[in-house]
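Rule-based calculations on the coordinates, nothing more; no lab input. Keep in mind it's a predicted model, so treat the numbers as computed, not measured. So basically every Cβ, Gly included, is an ideal-geometry build from the backbone, and we count neighbours across all protein chains shown.
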Amino acid sequence: MNTKSLVSIVDFSKDDILRLIGTAECFERNPNRGLLEGKVCATLFFEPSTRTRLSFETAINRLGGRIIGFSDAATTSSSKGETLKDTIMMVSNYADLIIMRHYLEGAARYASEVTDIPIINAGDGANQHPSQTMLDIYSIYKTQGRLDNLQITVVGDLKYGRTVHSLIVGMSHFNPTFHFVAPEELKIPELYKHFCETNGIRYHEHTEFSEEVINLSDILYMTRVQRERFTDLIEYEKVKNVYVLRNNMLSHSKDNLKILHPLPRINEIANDVDNNPKAYYIEQARNGVFARQAIICDALGIEVVSG
Ligand code: CP
């Protein structure tokens, strides 16, 4: 495997994360630079996306790179039965970097093992979404002025939510206390509880989404129930509206509280929250451009000069 791929947030040390935050800050100050001139980046999206694909493509465009790829695998030869391995090897003939979203857990790891060009995982099934985590951590840093010792409440589909899985690992370097709010059917997987336990990370599990837990939070990370991961849609119907954040639930929340959501939202944040200054999910998505510029340059070994 090449060493510059980003397939899991585990690939980044604490120092890597802090360094990339510094680089993202540089790009936020000045996002338009010619650092990718002469480079071709491929965006291969085997699953739907709005933010991840468009923010990666914005990041590349603003850095002067060129983009090839697809947003609908049905238009590609994978619909004729071409294997992922062959697709990756073909695209490696054309591009310097591959950004890939795939419905299979482990697809990005596999891709990174069959090519020498860097692979950036833009989400693999219910497994990981490491570039989302970098923008989430950047957003937490910007809004809190620190990363250490935060109370982070994660709400919704903790079973299938890949952004949650990556966030737990990414924030584990910073001594968080997690509150996992989920119905029984969508509880955080044992794997991530074990991860917390072996890394000395405090966590509490809740089935009730109460004001009590909101009021002790610095970060409230809402997630949607991941309809596409259910094999039985009757089960989805039972839990799809399990928690809804409404503005009146925030009356006694901390002044520094910020509400994050990887988006898209369905019903889990009511529209009346949008005008609350604690709502940060739209700016959070904007931060994705800068975080992804940092990730791309890191993967390609491009030095970013401050300024
Ligand atoms: N947060 C996120 O992955 O959004 P998209 O599915 O729109 O890319």
Subject >> Qualifying lysines (Cα of each under 23 Å from Cα of LYS4; at least 8 residues distant if same chain) >> reply: LYS14, LYS39, LYS85
Subject >> the stretch 208-307, dipole about Cα centre (Lys/Arg Cβ +1, Asp/Glu Cβ -1), debye to the nearest 20 >> reply: 200
Original post:
For the stretch 130-285, with only Lys/Arg (+1) and Asp/Glu (-1) charged at the beta-carbon, what is the dipole magnitude about the Cα centre, in debye rounded to 20?
Top reply: 340
Subject >> Over the stretch 1-100: Kirkwood hydrodynamic radius from C-alpha pairwise inverse distances, Å >> reply: 15.1
**OP:** Would you work out which of GLN132, ILE67, ILE168 lies farthest towards the positive end of the dipole of the chain? Charges go on Cβ: Lys and Arg +1, Asp and Glu -1.
**Re:** ILE67
**OP:** Over the Cα atoms of the stretch 130-285, compute the convex hull volume and normalise it per residue, giving Å³.
**Re:** 103
**OP:** Rounded to the nearest 500, what is the 222 nm mean residue ellipticity of the chain from helices alone, with -39500 (n - 2.57) per DSSP H run of 4+ residues and division by all residues?
**Re:** -11000 deg cm²/dmol
Subject >> Kirkwood Rh, angstrom, the stretch 47-154 [1 / mean 1/r, Cα pairs] >> reply: 15.5
Original post:
Picking from ASN241, GLY38, LEU104, whose Cα lies most toward the positive end of the charge dipole for the chain (charges on Cβ: Lys, Arg +1; Asp, Glu -1)?
Top reply: GLY38
Original post:
Could you give the angle, 0 to 90 degrees to the nearest 10, between helix 51-62's Cα long axis and the longest principal axis of the Cα atoms of the chain?
Top reply: 50
Original post:
For the Cα atoms of the chain, what angle does the longest principal axis make with the long axis of helix 14-29, in degrees from 0 to 90, nearest 10?
Top reply: 80
Original post:
Along the charge dipole of the chain, Cβ charges K/R +1 and D/E -1, which of LEU158, ILE282, ASN271 sits furthest on the positive end?
Top reply: ILE282
**OP:** Could you rank the peptides 296-305, 151-160, 100-109 by their average count of other C-beta atoms within 10 Å per residue, with the highest value first?
**Re:** 151-160, 100-109, 296-305
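Over 25 Å, how big is the tail of the calculated P(r) for the chain, in percent of all Cα pairs? Kindly include the intermediate steps, with their values, before the conclusion.
On the way: 22402 of 46971 pairs.
More than 25 Å apart: 48 percent of the Cα pairs in the chain.
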